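The values are calculated or read from the model by the stated rules, or taken from the named source; none is laboratory data. Everything numeric here is computed off the predicted structure, so don't read it as measured data. Don't worry about glycine lacking a Cβ; one is built from the backbone with ideal geometry, like all the others, and counts go over all protein chains shown.
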Protein chains: 2
Amino acid sequence: MAAAKPTGTQGKRSRRTRKAGPSVDDKSSEMPLSLERIVAASVELLDAQGVGGLTMRRLADHLEAGAMSLYWHVDNKEEVFGLALDAVLEYRAPQHVGETESWRDDVVHMLEDWRASMLRHPWSALLLPRLALGPNMLNRLELLSRALSRAGVADADLNAATWSVWNHVMGATITRGNFDRSDDDRNAAQIRLAEFGERYPTIERSRLLLEDDWDGVFRKGLDLLLDGLSSRKG
Amino acid sequence: MAAAKPTGTQGKRSRRTRKAGPSVDDKSSEMPLSLERIVAASVELLDAQGVGGLTMRRLADHLEAGAMSLYWHVDNKEEVFGLALDAVLEYRAPQHVGETESWRDDVVHMLEDWRASMLRHPWSALLLPRLALGPNMLNRLELLSRALSRAGVADADLNAATWSVWNHVMGATITRGNFDRSDDDRNAAQIRLAEFGERYPTIERSRLLLEDDWDGVFRKGLDLLLDGLSSRKG
DNA sequence: TTAAGACTCGTACGACGTACGATTAGATTG
DNA sequence: CAATCTAATCGTACGTCGTACGAGTCTTAA
């Protein structure tokens, strides 16, 4: 069963760096493919055309390469998605990293940056549920967990606390993305709500579906969580 | 622009109910298609084969119909996904609906049922980010919002509170789904974590990725939110 | 009889992911 | 120098997908 598949051990490591000759940008300058270029082009394409707009053929075209050439650097399309998502989630924490500043500021800064990154690339929310944790995701998890620990959360509660805050960002991002369609749709939804009369009185009255201060909603929910966590120090 | 498209006004409403003749189950008993049957078959197929396993042709085969026949009842594949998701999210609240019981029990019951429904159909988490709110989703939003209002949350905070709790369920479900792969994967992930040594010390030490009490995590986060909400009555 | 829906479905088109193998270029070895 | 090896590229082709189109059938009503 594991006979004719050289997959897995292949490629991935190596570059080429083109021995800097006299004319770096010759007329037929064909940069070689590389994971970096592929990932960068993927993000561009996703930004421009959305999830459905990324196809291996189009991606190769943007790189002025043959479609099948991509497969030397990448196992399959899912991997491209994974790399693009993680690429967009890079985070460099401000330098005063640890002690002096309040843990809470650190957490809030990182999470708001995270959410902002994902809203800048709306396709990312669609990919979230089906992709594993890349290094940048792990890095954010690490920072979050460390900050909460530093905040005094007991070890026994640390994982639950970390996941709860994490889930808040995931949920808020996805919910927000769902409402990012045109205002027309939102109005239509609210009107349809009114049509169905008494079935949904509360969310009709509170205009829940017309919410537009998503930043505020995010921040309020986050405060709720962090307040709760900091009042239960271990 | 809106010229040659009869779409939207067509079909959807009507049944047939087969004039109950002498033999209801004749030998060539071909039940007519219907939205209900299509949705039911979709859920079956999704349960059995996952998101990638649902194709219009396979769906039609399961219904012993031609592939294109589906399109009289449904506009496109996305609509099938939407209907399947909403179908799986139906909720009938226990009958004592309102006054006597604690609002908190109502909320917890509904949310745990929600989460359980989605975990029973793992494909649902993948669809969440890209689908609009169906009637069953709206119903759950309504119940949630109403309970929180009844709990004393001020009108000004009601939407933020509702979305925060909502987001918690969304995030928890998706996170959980991401870790539903085999234990092998999880162990591999944790080991890879150890390999990368000092980059992720906290989540390595706390074995965050090996979490297996997801019910507990969900419940703790929810309690955190509800505690916060009930202590800020308006 | 005729006409009008309501409903079914065979055929076909353009796109997709990617298996396979041929090809080329650079480095390594004799 | 020639021979060999490996990294990398890519053209062709296969199977599958969503669905446009239009021709069919069956039911009902005038």
| Only one of (1) more than 7 Å from every other protein chain (Cβ to nearest Cβ); (2) under 23 Å from B:Arg146 (Cα atoms); (3) free of Cβ contacts under 8 Å to residues at least 12 places away in the same chain fails for A:Asp184. Which number is that? | (2)
| request: Examine the range A:111-129 for a residue that is modelled with pLDDT under 95 and within 16 Å of DNA strand D (Cβ to nearest atom), and state whether such a residue exists. | output: no
| Flag for B:Leu158 being at the interface with another protein chain (Cβ under 8 Å from one of its Cβ atoms) and under 24 Å from A:Arg232 (Cα atoms) | no
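Listed here are the residues, each with its yes/no results for (1) surrounded by 12 or more Cβ atoms within 10 Å (Cβ to Cβ); (2) charged (D, E, K, R); (3) over 25 Å from A:Trp114 (Cβ atoms); (4) within 8 Å of DNA strand C (Cβ to nearest atom).
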position	(1), (2), (3), (4)
A:Met56	yes, no, yes, yes
A:His62	yes, no, yes, no
A:Ala65	yes, no, yes, no
A:Met68	no, no, yes, yes
A:Glu78	yes, yes, no, yes
A:Gly82	yes, no, no, no
A:Glu90	yes, yes, no, no
A:His96	no, no, no, no
| query | Inside the range B:119-135, can you point out the residues that are in a helix (DSSP H, G or I) and within 11 Å of another protein chain (Cβ to nearest Cβ)? | reply | B:Trp123, B:Ser124, B:Ala125, B:Leu126, B:Leu127, B:Leu128, B:Pro129, B:Arg130, B:Pro135
| query | Which ones in the range A:53-104 are within 14 Å of another protein chain (Cβ to nearest Cβ) and within 16 Å of DNA strand D (Cβ to nearest atom)? | reply | A:Asn76, A:Lys77, A:Glu78
| On the given criteria, is B:Glu211 facing chain A (nearest Cβ under 8 Å), under 22 Å from the mean Cα position of the chain (by Cα) and surrounded by 14 or more Cβ atoms within 10 Å (Cβ to Cβ)? | no
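Taking the condition assigned to a helix (DSSP H, G or I) and either over 21 Å from the mean Cα position of the chain (by Cα) or hydroxyl-bearing (Ser, Thr, Tyr) (or both), does A:Leu141 pass? Give the derivation first.
On the way: assigned to a helix (DSSP H, G or I): yes; either over 21 Å from the mean Cα position of the chain (by Cα) or hydroxyl-bearing (Ser, Thr, Tyr) (or both): no.
Considered against the rule, which asks whether it is assigned to a helix (DSSP H, G or I) and either over 21 Å from the mean Cα position of the chain (by Cα) or hydroxyl-bearing (Ser, Thr, Tyr) (or both), A:Leu141 comes out as no.
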